[in-house]
Amino acid sequence: MLFLALIYSAEDADDVDVQTLMAQYQAYDDEVRAAGVFQGGNALQAAATATSVQLRAGESILTDGPFAETKEQLGGYYLLDCADLDEALSWAAKIPSARYGTVEVRPIMSFD
Amino acid sequence: MARIYRAESGKIIAVLMHQCRNVATVEDALQDAFVQACQQWPARGWPDKPAAWLHSVAKRRLIDRLRAERLRQEPATVQALEQSYQWRYAEPEQQLSIPDDRLRLIFCCCHPALSQPAQVALTLKLICGLSSVEIGRAFLISDDTLNRRLTRAKQKISTAGIAYQVPEGEALVRRLPSVLAVIYLLFNESYHACEGPDLTRADLADEALRLGRLLYQLQPSAEAAGLLALMELHWARHAGRSSDDEAYIPLAAQDRSRWDRAAIEQSCQFLYRTLELKQPGIYQIQAAISALHARADSFETVDWAQVAGLYAALYQLLPTPVVALNHCVARSHVAGAEDVWPQLDSLAQTLAEYQPYYAARADLARQLGRCGQAAAAYRRAIELSKNEAQSAYLEQRLESLGR
């Protein structure tokens, strides 16, 4: 079963320096790949780089900025293949940003 | 028929859920079976094993429903169900036994991915077989709110990947607390009945005790035993909590001859055997405190030093301001009100909305002869009290201050 782990955190809220955080993410990455759980994942550029688009009456309307202006922003994601929610939640809890941000876990909808 | 539903529906749902994770569909199938029973049993006579009859009919109806829904996402489920049904159909119906899968269902209903109110409602509905009306009445919430809560939770169970299994090892250690918390919350809801005119709502306590026994029977862990002992020790004393003339009697003034001594003794022995396992936990400690109260001949002869020690141990595992308050009150019986006042005072902010804090503060201030402070605390306690019997008692205490 596939789950998407969405990583939300305040962009200036890292509890350690960037180098340490990168090392922690590298270690997590290695672990989740070795376990055969990793199906994909990326870090995103800061929310300041976001452009939102809507199509209204055939016109595309662009807005400079993310979908919602909140303190905690989407900063990255992992796509995880787990047996059940408990397993997905335990992998999500290990994501380094979970210590100070929030990781939202959502099952991927299947249409077969 | 209603009695059979209460007793057996949880078991049947638990087995059917093993094969179909759509809770609403399972409930509908069981409902079909009961409707059929209501039509057939009075005319044709009751089957030898009503539960097995209901189970096999519900299963048949579940297959029909799954087929009708052409459950796109679960074609394998229909196939598996049909196979298991054919296999069972070869047996004479009265020999069918229902495997007890309720532990799975309990862990599923009390999954921490569901909100606690949803866990409580689901448990009462699916395990205890209570109707939505009964649950709504017990928790003073509207049908709408409850149904929304239930629908959302059932949907999450069927789509969020909540496993239908009893967790093992470390996962069990992580998940057990939420199951125990739901059962204890049910019991407390009844025992302390914070709102409304009655101090106890006995039926909810009965359900909590029934669940506690079921959990212990299915999963005899030290904390499940601790919770069961704790609830039984409280319940054995409930007759002392009110009388014909007084709707609320505090522990200190209760007529201890009205307590169920035999039940207390039995629960204590059960608790002591559990404590010997040396796997301490918050429910065992609270049960041990309750046992000290229950076995004392009077409020004055309670071993307060040991009660205070147990609260200190509890605080290590459960560092909440409420536990700190109880520790404080227990210590006041050993060290005196003067000695614990600073600690009590330091809790004022965190427990500003907690009614028992003001009741305790009032009593301690009264002991210290600080009538002004005592009166203010009684008034605040009355303001915060949602239980009529309790606030009437506090009014009485407030009036007696002047005398």
Fill in the blank from the handout: Residue count, segment B:135-191, condition of a type in the set (Ser, Thr, Tyr), within 12 Å of chain A (Cβ to nearest Cβ) and not in a helix (DSSP H, G or I), comes to 1
Problem - Of the criteria (1) farther than 15 Å from B:GLY129 by Cα; (2) part of a helix (DSSP H, G or I); (3) open to solvent by less than 10 Å² (accessible area, probe 1.4 Å), which one B:CYS20 fails - result: (2)
Problem - Enumeration of residues in segment A:30-53 that are open to solvent by less than 30 Å² (accessible area, probe 1.4 Å) and within 17 Å of A:ALA92 (Cβ to Cβ) - result: A:VAL32, A:VAL37, A:GLY40, A:GLY41
Practice task
Please determine, by comparing only the residues of segment A:63-112 that are within 16 Å of A:VAL32 (Cβ to Cβ), small (Gly, Ala, Ser) and open to solvent by 60 Å² or more (accessible area, probe 1.4 Å), which one is nearest to the other protein chains (Cβ to nearest Cβ).
Solution key: A:ALA83
Problem - Selection status of B:SER385, over 23 Å from B:GLU189 (Cα atoms) and hydroxyl-bearing (Ser, Thr, Tyr) - result: no
Problem - Given (1) in a helix (DSSP H, G or I); (2) surrounded by fewer than 16 Cβ atoms within 10 Å (Cβ to Cβ); (3) in contact with a helix residue (DSSP H, G or I) (Cβ under 7 Å, 6 or more places away or on another chain), number of the condition B:GLN217 does not satisfy - result: (3)
Completion exercise
Flagged pairs (Cβ under 7 angstrom, 6 or more apart or on separate chains; first in segment B:341-352, open to solvent by 30 Å² or more (accessible area, probe 1.4 Å); second not acidic (Asp, Glu)) are B:GLN343/B:CYS328; B:THR350/B:PRO321
Handout entry: Single unsatisfied condition, B:ALA263 versus (1) under 27 Å from B:ALA312 (Cβ atoms); (2) surrounded by fewer than 19 Cβ atoms within 10 Å (Cβ to Cβ); (3) small (Gly, Ala, Ser)
Key = (1)
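Name every residue in segment B:65-123 that is of a type in the set (A, V, I, L, M), open to solvent by 60 Å² or more (accessible area, probe 1.4 Å) and at pLDDT below 65, in order of residue number.
Within segment B:65-123, the first condition is being of a type in the set (A, V, I, L, M), and the residues that meet it are B:66, B:68, B:71, B:76, B:78, B:80-81, B:90, B:96, B:98, B:103, B:105-106, B:113-114, B:118, B:120-122.
If we keep only those that are open to solvent by 60 Å² or more (accessible area, probe 1.4 Å) as well, we get B:68, B:76, B:90.
The one that is of a type in the set (A, V, I, L, M), open to solvent by 60 Å² or more (accessible area, probe 1.4 Å) and at pLDDT below 65: B:ALA90.
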Practice task
Kindly check whether there is at least one residue in segment B:47-56 that is open to solvent by 60 Å² or more (accessible area, probe 1.4 Å) and modelled with pLDDT of 90 or more.
Solution key: no
Exercise for the section: Could you list all residues from segment B:281-334 that are among the aromatic types (Phe, Trp, Tyr) and part of a helix (DSSP H, G or I)? Expected result: B:TYR283, B:TRP304, B:TYR311, B:TYR315
Handout entry: Enumeration of residues in segment A:1-26 that are open to solvent by less than 60 Å² (accessible area, probe 1.4 Å) and under 20 Å from A:ALA88 (Cβ atoms)
Key = A:PHE3, A:LEU4, A:ALA5, A:LEU6, A:ILE7, A:SER9, A:GLN24, A:TYR25
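The values are calculated or read from the model by the stated rules, or taken from the named source; none is laboratory data. On a predicted model such as this, the values are computed, not experimentally measured, just so you know. Ideal geometry is used to build each Cβ from the backbone, glycine not excepted, and the neighbour counts take in all protein chains shown. The protein model used for the area step is the full one, side chains on, heavy atoms only, and it has no ligands, DNA or RNA in it. Shrake-Rupley method; radii C 1.70, N 1.55, O 1.52, S 1.80 Å.
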